[in-house]
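Report on one structure; see the data block that follows.
The values are calculated or read from the model by the stated rules, or taken from the named source; none is laboratory data. A quick note: this is a predicted structure, and the numbers were derived from the prediction, not measured. Cβ placement follows ideal geometry from the backbone for every residue including glycine, while neighbour counts extend to all protein chains displayed. Surface areas here come from the heavy atoms of the whole protein model, side chains and all, with no ligands, DNA or RNA. Shrake-Rupley method; radii C 1.70, N 1.55, O 1.52, S 1.80 Å.
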Amino acid sequence: MLASAVMIPDPLVAATGATTAEVAALMRSKNISIVPVIDNPKDRRYKGTVSDRDIVIACVALGHDPKECSAEDHMRTDTAVVSPDTELTGYRLRSADPNDHHVRSTMVVVDGNRRVVGFIPHPEQIEGVLID
């Protein structure tokens, strides 16, 4: 099965300059827990991802002001990135940080220019994707 067959096309994204508070408000209003972070709304080139947990652990719990931090300050760069033509049957998804016990099994789908074109929030639910 190709990534393009199961991805959410044209997902909600946050620009690197958006404040962490703005990203949290977007998550709350759309009832989502993770968003791809892009360079800017026009080009939509993938930079990382930020989750609600990243905001709590890396921003709020450390005493940072979410109105002063940017999405780039707390984004992760270890999220799996695939193309729309990536075959997911047999795809192995590994945790980049063995000390991080929070499961972040998500995939960002990018085109040849690294533009975010899709998002797969729960690849573990796709038959054939292997989680390590």
Could you give me D for the chain, from Stokes-Einstein at 4 °C and 1.567 mPa s, where the hydrodynamic radius is the Kirkwood radius over C-alpha pairs? Units µm² s⁻¹, please. 86
Å² of accessible area per residue within the range 15-69, as computed with a 1.4 Å probe and no ligands counted: 55
D78 paired with N113, simple spin-label distance in nm, labels 7 Å along Cα-to-beta-carbon: 3.1
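Rounded to the nearest 0.05, what FRET efficiency do E68 and N31 give with R0 = 35 Å and r taken as the Cβ-Cβ distance? Could you check? Let's see the in-between values first.
Numbers: r = 26 Å, r/R0 = 0.73.
E(calc), rounded to 0.05, equals 0.85.
Nearest 5 is fine: what % of DSSP beta bridges in the chain come out antiparallel, could you say? Mind showing how you got there, number by number?
Numbers: 15 of 22 bridges.
Here the share of antiparallel DSSP bridges comes out near 70 percent.
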To the nearest 0.05, what FRET efficiency results for I8 and R53 with a Förster distance of 25 Å applied to their C-beta separation? 0.80
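In whole percent, how big is the carbon plus sulfur part of the accessible area of the range 21-132, probe 1.4 Å, protein atoms only? Don't jump to the answer; show the numbers that get you there.
Details: 3090 of 6400 Å².
Here carbon and sulfur together make up 48 percent of the probe-accessible area.
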